[in-house]
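The values are calculated or read from the model by the stated rules, or taken from the named source; none is laboratory data. For clarity, every value in this text was computed on a predicted model and none was experimentally measured. When we count neighbours, we look across all protein chains shown, and the Cβ atoms used for this are built from the backbone with ideal geometry, even at glycine. With ligands, DNA and RNA removed, areas are computed over all heavy atoms of the protein, side chains included. Shrake-Rupley method; radii C 1.70, N 1.55, O 1.52, S 1.80 Å.
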Amino acid sequence: MDMVEVYRNATEQLQQVVSQTPQRIKKLQDLIQQTEWEQQDLLHLAELDVFSASQGYDIARQIKKVRLKRRAYKDELEALLELRKVCNNNSKLEAHVSQMDKKLKEDEQKKEKRGYHPRVRSDLQSTFQKIHNKAEVRLK
């Protein structure tokens with residue numbers, strides 16, 4: 001894989017991350033709220049119910065599971081909020097990434113259409129044309 005391809009893949013991924021960050025932040029906020037409500041349900045169950053040691057252990061295990069889920073959501077949210085700060089500080093970031101991606105795609109299309117026209121050996125023109133036609137067939 002050459003560096004241009006690596007760069008193109010990176011810009012596509014960055015563009016996707018930047019464009020999807022606001023929706024993912026909202027989704028994470030909703031998931032955090034949901035896990036907090038679930039935790040409250042379990043805490044109220046522990047507060048109001050009479051239960052055996054094994055039932056108490058089961059409640060504690062469920063609370064831990066909910067807390068770990070909530071922590072994972074909060075950690076991801078924290079990272080995305082930092083990313084959003086970077087994007088907000090550079091309001092043109094998304095436009096720049098989009099422009100770079102567009103330029104790389106245009107360059108790739110130019111390479112696909114590129115052919116060679118002999119300057120001196122005109123007898124080779126038909127050979128070069130065949131090579132160009134084969135390349136076009138492979139790209140399709």
Report task. Would you mind telling me which numbered condition in (1) at pLDDT 95 or above; (2) closer than 30 Å to residue 107 by Cα; (3) among the acidic types (Asp, Glu) residue 12 fails? Result -> (1)
**Report entry** Among the residues listed as 50, 120, the single one being open to solvent by 60 Å² or more (accessible area, probe 1.4 Å), modelled with pLDDT of 85 or more and not in a helix (DSSP H, G or I)
**Finding:** 50
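Quick check on this structure: which one of 64, 27 is open to solvent by 100 Å² or more (accessible area, probe 1.4 Å), basic (Lys, Arg) and under 19 Å from the mean Cα position of the chain (by Cα)?
27
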Report summary line: In the set 108, 112, the lone residue that is touching a helix residue (DSSP H, G or I) at 6+ places or on another chain (Cβ under 6 Å) and at pLDDT below 80 is 112
